[in-house]
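Remarks on the structure that follows.
The values are calculated or read from the model by the stated rules, or taken from the named source; none is laboratory data. Here the structure is a predicted model, which is why all the values come from computation and not from measurement. Cβ atoms come from the backbone with ideal geometry, glycine included; neighbour counts cover every protein chain shown. Only protein heavy atoms, including side chains, enter the accessible area calculation; ligands, DNA and RNA are left aside. Shrake-Rupley method; radii C 1.70, N 1.55, O 1.52, S 1.80 Å.
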Amino acid sequence: MRTIAWRDGHIEIIEQTLLPHELRVVEIDTVDALVDAIVRLAVRGAPALGVAGALGVALAARLALRDGWSERTLAAEIERIRNARPTAVNLSWGVDQVLPSLPLGAEAVTDAALALLGREVAAERAIGERGADFLEKAVGHGRDEADEGRLRLHTHCNTGALACVEWGTALGVVRSLHARGQVLSVVVDETRPLLQGARLTAWELGQLGIDHQVVCDGAGPAVIGRGLVDAVVVGADRIAANGDVANKVGTYGLALAAGRAGIPFVVAAPESTIDLGTPSGEGIEVELRPQHEVTTWRGTPLVPDGTSALNPAFDVTPADLVTAIVTERRLLRPQRGETPAGRI
Ligand code: MRU
């Protein structure tokens, strides 16, 4: 399954707002449609947004050629793609990766975007293997014999194929461990307010035949505190130079609970999620989403009339709570002073 692809001059995505009830692939053939899909989270997840950014520039370059856009119009349309969502650095990274090909023509930009897509697919597999190696070593001692040493994992939001292209990051680590026969069960936070865990991660784990249970977000830290999981593995939307990690809101509480319980808190992400231009988490813009996502569910009010909501889509976990950052190239241990920018 590929979450995002390029076919006959347009982008194809899985329309994620319809899952788990319907698996539908939709065509994106305008910049308006792409920006709308990104804003609505029809395509979402940091690595998938990186690919969407790169393919979006290819799409814009083709439309510019077809419709005779001025250079200024093309540049403005590309900026609209770049700014569709602020927190995942992958989106602007994807745009920037292919921009140097723009003067060479639409064909060259498309080639560059497809090459980027191929590299991201390879990165996902490498992250899965490295993360699985790490968790096999970090956990597994003193586990109940009846479980044959298999791991009980906890994850948040959706970091599987749907958030990437084909395999996943944190859920890719779970998949790699599962392929080794090492997964007993997975606890999945439902991930309010848009339910990426309940709708998307549970759907992916079901397709893969991996045993799982969905819990309310509020239950997550207590599940960890009661010793019901062996490790937490999450993705990231932006990792600052010092190792602070922005990810779906609710991640910070899991990191605190994991630290208190003394179990590994592992962040799995491609190098494209690392932002050396942002020194620490303080500099990361957290997307504030509309209130209605919290105060209603599919049009039905959930709160009394006049009640307002604050809806930050992400939080920032300080590096000192992160046991390991796993990318396709390296394993960093922020608690031991290993940061993306080097040793401190
Ligand atoms: O708002 P979303 O659904 O795009 O948020 C996604 C996440 O927070 C993921 O954990 C993150 O992008 C990593 S995806 C491999």
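Just a few scattered comments:
- Residue 66/residue 276 FRET efficiency (R0 56 Å; Cβ-Cβ; nearest 0.05): 0.90
- Estimated at the nearest 10 Å², the accessible area of residue 294 is 40 Å² with a 1.4 Å probe.
- Gyration tensor verdict on the stretch 235-344 (Cα atoms; rounded if a/c is under 1.5, prolate if a/b is larger than b/c, oblate otherwise): prolate
- Principal semi-axes in Å for the stretch 244-296 [√(5λ), Cα gyration tensor, largest first]: 22, 19, 10
- Where the Cα pairs of the stretch 16-90 fall when distances are cut into 5 Å bins, in %: 3, 16, 27, 23, 15, 10, 4, 1, 0
- Degrees separating the helix 71-82 axis from the principal Cα axis of the chain, which is the longest one: 10
- Vicinal HN-Hα couplings computed from phi for the stretch 309-317 (Karplus, 6.51 cos²θ - 1.76 cosθ + 1.60; Hz; Gly/Pro x): 9, 10, 10, x, 7, 9, 9, 10, 9
- Of all accessible heavy-atom area on the stretch 90-178, the percent that carbon and sulfur account for (1.4 Å): 51
- Portion, in percent, of the accessible area of the stretch 1-70 that falls on carbon or sulfur, probe 1.4 Å: 49
- By definition, a body whose alpha carbon gyration tensor gives a ≥ b ≥ c is rounded when a/c is under 1.5, and the stretch 154-301 falls into this rounded group.
- Amide H contacts under 5 Å for residue 287: 87, 313, 314, restricted to partners 5 or more places along the chain or on a different chain, H placed in the peptide plane at 1.01 Å from N.
- Protein accessible area in the stretch 272-343, 1.4 Å probe - carbon and sulfur %: 52
- Accessible surface ranking that places the most exposed of 148, 124 first, with a 1.4 angstrom probe: 148, 124
- Euclidean distance between Cα centres, the stretch 180-199 to the stretch 1-26, Å: 21
- Dipole magnitude (debye, nearest 20) for the chain, charges at Cβ of Lys, Arg, Asp, Glu: 520
- Accessible surface calculations at 1.4 Å, restricted to protein heavy atoms, place the chain at 41 Å² per residue.
- Every pair of different Cα atoms in the chain enters the Kirkwood calculation, which places the hydrodynamic radius at 20.3 Å.
- The stretch 203-236 and the stretch 281-332 have Cα centres separated by 18 Å.
- Nearest-ten-degree value, helix 251-261 long axis tilted from longest Cα axis of the chain: 20
- Among 239, 185, 276 the positive-end extreme of the charge dipole of the chain (Cβ point charges): 185
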